[in-house]
Amino acid sequence: MTTYLHACGSDLERALELYRWNANVSGALWVALGHVEIVLRNAIHDALTTRHQRSKRAGYWFDDPRRELDPRALDDITTAKRRAGQVTVPAALPGKVVAELSFGFWRYLLARRYSSTLWPAIRHSFPHLPGRDRGRLERQVIRLHQLRNRIAHHEPLIREDLPARVADLGSILDAVDPALRPWALDDAGRLTTLLANRP
């Protein structure tokens, strides 16, 4: 409670209100982040699947036939396959592996190291991204990944620029398809109300 007490001049009642507000806004953001994570991972997966199929390679893109992924990504894929029960059953559905890959995995596929290998395929899944700017998208995803981790660890969000993070959520959805924003951020009214009514 120390963070909340400091923010409220040691007024316990106000600190408890702020704590409750933090929990409510975290919950609303968690739902929105979940939608954006699924849109992001599906967009990247679809783009890399199309690229893989066009090259007429066996297996899936995450089998890394071109040896483009770094060791960390390969470790994440191995773990995801194990969790999906796919290590001994390579014909299992790729969706199971994709679902087991963390938000951090997708974040790192947007890194500069892949700008000449994976990004030329991935960028087609973000047709409305201004300037097809990989760096812009990566920065937004990094900020949301950090926010997601803070929420997952029940940390205070009172010093975060939450309106800017909500804008990041909307920008990523818009980059894929502007029609997604109203659906995926359906709770945006709740978020807007929560942000406007911070104790």
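The values are calculated or read from the model by the stated rules, or taken from the named source; none is laboratory data. Model, not experiment: these values are computed from the prediction. Protein only, heavy atoms only, side chains kept; ligands, DNA and RNA dropped before computing areas. Shrake-Rupley method; radii C 1.70, N 1.55, O 1.52, S 1.80 Å.
General observations
- Along segment 58-66 the Karplus relation, 6.51 cos²θ - 1.76 cosθ + 1.60 evaluated at θ = phi - 60°, assigns HN-Hα couplings of 6, x, 10, 4, 6, 6, 6, x, 8 Hz to successive residues, with x for each Gly and Pro.
- For segment 62-199, the solvent-accessible area of protein heavy atoms averages 54 Å² per residue (probe radius 1.4 Å; ligands and nucleic acids excluded).
- Reciprocal mean inverse distance between Cα atoms of segment 8-81 - Kirkwood radius, Å: 15.9
- Karplus (6.51, -1.76, 1.60) ³J(HN,Hα), θ = phi - 60°, over segment 10-18, in Hz, Gly and Pro reported as x: 6, 7, 4, 4, 5, 4, 5, 4, 5
- Surface share of carbon and sulfur [accessible, 1.4 angstrom probe, percent] for the chain: 50
- Surface/4 estimate of mean projected area, convex hull on alpha-carbon atoms of the chain, nm²: 12.5
- Expected 222 nm ellipticity per residue - DSSP helices of 4 or more, -39500 (n - 2.57), all of the chain, to 500: -20500 deg cm²/dmol
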